[in-house]
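Notes follow the structure.
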Amino acid sequence: MLVKMDFDEFDDELRSMQEIMESEEISLNENDLMAPLRLLDLKRGVLVEVGTSVKECVEKMTARHIGCVLVVKGRKLKGIFTERDVLLKIAGEKIDLAKAKVDDFMTPNPKTLTIDDSIGSALRLMNQGGYRHIPVVNKKGEPLTVISVRGLIDYIVEFFPQDVLNLPPHPIRIGTNNREGG
Amino acid sequence: MDSTTLRSPMTILNPARPISVQHGTRLSEVLKVMKENRIGCVCVVDNRELVGILTERDVLNKVVGGNLDVQQVRVEEVMTPNPEYLFEDDQLAFALNRMSVGGFRHIPLINLQGHLTGVISVKDIVAHLIKNFKEIH
């Protein structure tokens, strides 16, 4: 059965088709990556004092679901202690976590950024150094937050809501029930 | 990066060949593999079939946090079983979706036979962006 469409309906239909066509041509350009880090959804970094036990750091990271803590002396950044440090220096070793000090296992004097640096510069630093977390400090060298690769991916993905965010969680196929983790 | 890239199969990023351990491997051996290869994630296979994944996060939360005896415990007791995976020719957009919405840093890739063929990670995405935006400073 044919449904009669009046002119207004036809115009609406045409307009929404056009919108879909246009939305298909989104791209991320260099200007988007020149935007400053302050535009990201930033949270205060978790700080521990020099001399804190590894046990306390691990507990903080586990409880707060974070990949790193920033190690400070007074208000100055002295190091970063990440999941990677845990894997490489602690896991499987005979270390008394309650006695071990974070200073001996952290990565000292890490590369830092300021909130006025660009998103692109954070990406480049991560790519060069293989980092997943970079501390952001103010002019006095006091840590403010941590840029994570996850936060950068979220920024990029927001440019492509049609292509990425509105996807079903899995490509449509059979046999993908009860999957988790990764 | 544009819509066309996102609709391409993720093989365009040349995902890394997977580093895997067999089901039943002792944790001490798995940690050695992760350290030697400096990787944050190892896939666990039974023959060639993907059965689990062990990430740095699991090492932090369960191995170090749980103070496990790595000489005794086997990988399947700590790994995340039945991990999310994608097919190697699925669109790249699905990998980004799982990374952003799902919060995964690594996603195992399999072929039609169910064999593990690769792992796509957030690092592959970063490397791709950098390659295409050389003028970033």
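Is it true that A:Arg173 is out of contact with any helix residue (DSSP H, G or I) (no Cβ under 6 Å at 6 or more places or on another chain), under 15 Å from A:Gly67 (Cα atoms), modelled with pLDDT under 95 and within 13 Å of another protein chain (Cβ to nearest Cβ)? Against the criterion (out of contact with any helix residue (DSSP H, G or I) (no Cβ under 6 Å at 6 or more places or on another chain), under 15 Å from A:Gly67 (Cα atoms), modelled with pLDDT under 95 and within 13 Å of another protein chain (Cβ to nearest Cβ)), A:Arg173 does not qualify. Taking segment A:79-102 as the range and being in a helix (DSSP H, G or I) and without any contact (Cβ under 8 Å) to a residue 12 or more places away in the chain as the test, the residues that pass are A:Leu87, A:Leu88.
Scanning for something modelled with pLDDT under 95, part of a helix (DSSP H, G or I), within 10 Å of chain B (Cβ to nearest Cβ) and surrounded by fewer than 17 Cβ atoms within 10 Å (Cβ to Cβ), does segment A:42-61 turn up at least one residue? Checked against the condition, which is being modelled with pLDDT under 95, part of a helix (DSSP H, G or I), within 10 Å of chain B (Cβ to nearest Cβ) and surrounded by fewer than 17 Cβ atoms within 10 Å (Cβ to Cβ), segment A:42-61 yields no hits at all. Here segment B:30-68 is the region considered, the condition is being acidic (Asp, Glu) and under 21 Å from B:Asn82 (Cα atoms), and the residue that is modelled with the lowest pLDDT is B:Glu49. Under 6 Å between Cβ atoms, which residue pairs at least 6 apart in sequence (or on different chains) link something in segment B:105-133 that is facing chain A (nearest Cβ under 10 Å) with a partner that is of a type in the set (Gly, Ala, Ser) and open to solvent by less than 10 Å² (accessible area, probe 1.4 Å)? Pairs found: B:Ile107/B:Ala95.
Residues in segment B:1-12 that are touching a residue at least 60 places away in the same chain (Cβ under 8 Å) and within 13 Å of another protein chain (Cβ to nearest Cβ): B:Met1, B:Thr5, B:Leu6, B:Arg7, B:Ser8, B:Pro9, B:Met10. The set of residues in segment B:20-52 being under 17 Å from B:Arg74 (Cβ atoms) and among the charged types (D, E, K, R) consists of B:Arg26, B:Glu29, B:Lys32, B:Asp46.
Among the residues of segment B:24-42, those that are assigned to a helix (DSSP H, G or I), within 9 Å of chain A (Cβ to nearest Cβ) and free of Cβ contacts under 8 Å to residues at least 24 places away in the same chain comprise B:Lys32, B:Lys35. Among the residues that make up segment A:100-117, is at least one of them open to solvent by less than 50 Å² (accessible area, probe 1.4 Å), modelled with pLDDT under 95 and within 12 Å of chain B (Cβ to nearest Cβ)? No, every residue in segment A:100-117 fails to be open to solvent by less than 50 Å² (accessible area, probe 1.4 Å), modelled with pLDDT under 95 and within 12 Å of chain B (Cβ to nearest Cβ). Just one of the listed residues (A:Arg84, A:Arg64, A:Arg75) is within 18 Å of B:Glu56 (Cα to Cα) and more than 11 Å from every other protein chain (Cβ to nearest Cβ), and it is A:Arg64.
The values are calculated or read from the model by the stated rules, or taken from the named source; none is laboratory data. Computed from a prediction, not measured in an experiment: that's the story for all the values here. Every residue, glycine among them, receives a Cβ derived from its backbone with ideal geometry; neighbour counts consider all protein chains shown. Side chains are part of the model used for accessible areas, which takes the heavy atoms of the whole protein and leaves out ligands, DNA and RNA. Shrake-Rupley method; radii C 1.70, N 1.55, O 1.52, S 1.80 Å.
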